[in-house]
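Notes for the one structure printed next.
The values are calculated or read from the model by the stated rules, or taken from the named source; none is laboratory data. The structure presented is a predicted model; accordingly, all values stated were derived computationally and were not measured. With ideal geometry, Cβ positions are generated from the backbone for all residues, glycine too; neighbour counts draw on all protein chains shown. For accessibility, only protein heavy atoms count, side chains too; no ligands or nucleic acids. Shrake-Rupley method; radii C 1.70, N 1.55, O 1.52, S 1.80 Å.
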Amino acid sequence: QVQLVESGGGLVQPGGSLRLSCVVSGNIFSFYTMGWYRQAPGKQRELVATITIYGSTNYEDSVKGRFTISKDNAKNTVYLQMNSLNPEDTAVYYCNSPTSPWTWGQGTQVTVSS
């Protein structure tokens, strides 16, 4: 059973930065494309960034140039560096594999507010 544990969220002012982490249990991390999703109140969960097993990345338009996804295969961890945050980025952030989704973790709350 793969477990996903997200962390690193918090309250940040507009223009601030946060770095999210997601640890994936099991020794399978390096074989899957990974992604970061977010779900804002009253909205559907959306995919905002992906990274393939080869390290290729892709981003949803609203976060391009502000968010950076990366991974450390040795640590079974995927990261999301978020810069220039704005209130529209407020959401619960989750990681998962877009190509082979596992049971969702609890996510980590990101709140952007002054």
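A few notes on this one:
- Hits in segment 12-63 - residues which are of a type in the set (A, V, I, L, M) and open to solvent by 60 Å² or more (accessible area, probe 1.4 Å): 23, 47, 53
- Single unsatisfied condition, residue 74 versus (1) out of contact with any helix residue (DSSP H, G or I) (no Cβ under 8 Å at 6 or more places or on another chain); (2) within 15 Å of residue 36 (Cβ to Cβ): (2)
- Residues in segment 44-64 that are in contact (Cβ under 8 Å) with a residue 12 or more places away in the chain and over 11 Å from the mean Cα position of the chain (by Cα): 45, 52, 53, 55, 57, 60, 62, 63.
- Of all the numbered requirements in (1) in contact with a Gly (Cβ under 9 Å, 6 or more places away or on another chain); (2) modelled with pLDDT under 95, residue 86 misses one, and that requirement is (2).
- Residues in segment 1-32 that are assigned to a strand (DSSP E or B) and under 13 Å from residue 105 (Cα atoms): 4, 5, 6, 7, 21, 22, 23, 24.
- Residues in segment 94-111 that are of a type in the set (Ser, Thr, Tyr) and either assigned to a loop (DSSP other than H, G, I, E, B) or open to solvent by 50 Å² or more (accessible area, probe 1.4 Å) (or both): 97, 99, 100, 103.
- Any chance residue 48 is touching a helix residue (DSSP H, G or I) at 6+ places or on another chain (Cβ under 7 Å), at pLDDT 95 or above and closer than 20 Å to residue 105 by Cβ: yes
- Residue check for residue 84: closer than 12 Å to residue 29 by Cα and either out of contact with any Leu (no Cβ under 8 Å at 6 or more places or on another chain) or surrounded by 14 or more Cβ atoms within 10 Å (Cβ to Cβ) (or both): no
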